[in-house]
1. Which residue pairs have Cβ atoms closer than 8 Å, lie 6 or more positions apart in sequence or on different chains, and pair a first residue in the stretch 205-229 that is in a helix (DSSP H, G or I) with a second residue that is charged (D, E, K, R)?
2. Can you say whether Gly134 is closer than 24 Å to Ile183 by Cα, assigned by TED's automatic domain parsing to the domain that holds Phe181 and assigned to a loop (DSSP other than H, G, I, E, B), as far as the supplied structure shows?
3. Considering only the stretch 4-101, give the strands (runs of 3 or more DSSP E) lying wholly within it that have at least 1 residues that are closer than 20 Å to Ser128 by Cα.
4. Touching a Pro at 6+ places or on another chain (Cβ under 9 Å) and more than 23 Å from Met202 (Cα to Cα): is that true of Arg71 in this structure?
5. So which residues in the stretch 179-232 are farther than 28 Å from Glu98 by Cα, of a type in the set (D, E, K, R) and surrounded by fewer than 14 Cβ atoms within 10 Å (Cβ to Cβ), if there are any at all?
6. Restricting to the stretch 230-259, name every residue that is outside any strand (DSSP E or B) and among the hydrophobic types (A, V, I, L, M, F, W, C).
7. With respect to Tyr168, determine if the residue is of a type in the set (Phe, Trp, Tyr), in contact (Cβ under 8 Å) with a residue 12 or more places away in the chain and either in a loop (DSSP other than H, G, I, E, B) or surrounded by fewer than 22 Cβ atoms within 10 Å (Cβ to Cβ) (or both).
Amino acid sequence: MPAFLKGVRVLDLTNVLAGPFCCHQLAHLGADVIKIEVPGSGDLARQLGADAELNARHMGVSFLAQNPGKRSLTVNLKSEAGKAVFLKLVASAEVVVENFRPGVMDRLGVGYKVLKEARPGLVYCAISGFGQDGPARDLPAYDQIIQGLSGVMSITGDAETAPYRVGYPIADTIGGMTAAFAIAAALARPDKTEATFLDVSMLEATLATMGWAVSNYLVAGKAPAPLGNENVTASPSGTFATAKGLLNIAANKQEQFEAVCRVLGRPALAADPRFSERQGRLDNRAALKAELEEALAAKSALQWEAELNAAGVPAGRVLTVPEALANPQLRDRGMIGDFKDVPGVGRDLRLLRTGFKVDGRTPRVTAPPPRLGQDTECLLRELGYSAREISRLAEEKAI
């Protein structure tokens, strides 16, 4: 696998999801990601997840999901000796990523101004809920807070259920992906002698992905409304009941709608004045859905999926997460990585990789998620510390 970021050292001071997900992407592209953690407790995600036993071991599922391929070093940044260790590590790195509230790193004495002196050309990425300035900069922010403030919740669900939270931490994930993209771009800049400060706001990053939902309001003055499983731009485009299971159909073009009518054995619908044109189908969405679901009741979602796709109509069943993972399209493309008998976990692990391939190959890491501080001594030796110096740092609780 081409390691595009081979030779790039990333210091990951982040916790829980947005920052760890960002550095997870960089690790899969070959970066040497060193996770800097608080001695004794580490990343809060080590205690989060559906397996209580792993949480107790500080190897929670939430941590495992975002941290394969990284090395863990514990440093007490509130200790002068710990700060000295960190600054020495910064001098060897190209990137620092943190997701503390604005100002925390400065109060610790290891903010951007200090670090860029230790490492000229440093790429410093600060991920926060609201960004480094503005009236909300100091407020705490978790994924659900951002989902609410961004407007995402207001358009999720339908008229009866909205506002509704998206079923996974979408704002955290988008924030992390945005940060990884910004870091990769900064690493490719022509002049690498000057340090770069990247200010990633989860709120703004989430809004940036909302596309037409925001632009319909900015450009056309039309505020978006929750439509449940219906597509605002086309009909029939949404989720439909069948004899067995739910089916998503996206007949966004005229020829696709006509194909739906043929496949379902209802060709007359294509000539019905209520449905014959695009706007008419939008205006009469409910009536059209009722007609289609009456026909769809003859077969299962699996059967209709095959027939509609064969006719050039995008269609797919609504699957559970286990069903999606068992789908050959995912199962056979290398999306899931396997780690055998992982230390600290005591069993094999299957974890997600990235969502792309390079020249037909899937980016991957070879090392499983690290135990808390497992690489501290090794990394300090790499930095030139002697065994005696390492012992003294441990006695001083600097590491």
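1. Here the result reads Asn216/Lys222, each pair linking the stretch 205-229 to a residue that is charged (D, E, K, R).
2. On the way: closer than 24 Å to Ile183 by Cα: yes; assigned by TED's automatic domain parsing to the domain that holds Phe181: yes; assigned to a loop (DSSP other than H, G, I, E, B): yes.
So Gly134 passes the test.
3. Values: elements: 9-12, 32-37, 71-74, 95-98.
Correct list: 9-12, 32-37, 95-98.
4. Values: touching a Pro at 6+ places or on another chain (Cβ under 9 Å): yes; more than 23 Å from Met202 (Cα to Cα): yes.
In short, yes.
5. Lys222
6. So in the stretch 230-259, the residues outside any strand (DSSP E or B) come out as 230-236, 242-245, 251-259.
Answer for the stretch 230-259, where residues must be outside any strand (DSSP E or B) and among the hydrophobic types (A, V, I, L, M, F, W, C): Val232, Ala234, Ala243, Ala251, Phe257, Ala259.
7. no
The values are calculated or read from the model by the stated rules, or taken from the named source; none is laboratory data. In this text the structure is predicted, and so the values were computed from the model without any measurement. Glycine also receives a Cβ, built like all others from the backbone with ideal geometry; neighbour counts cover every protein chain displayed.
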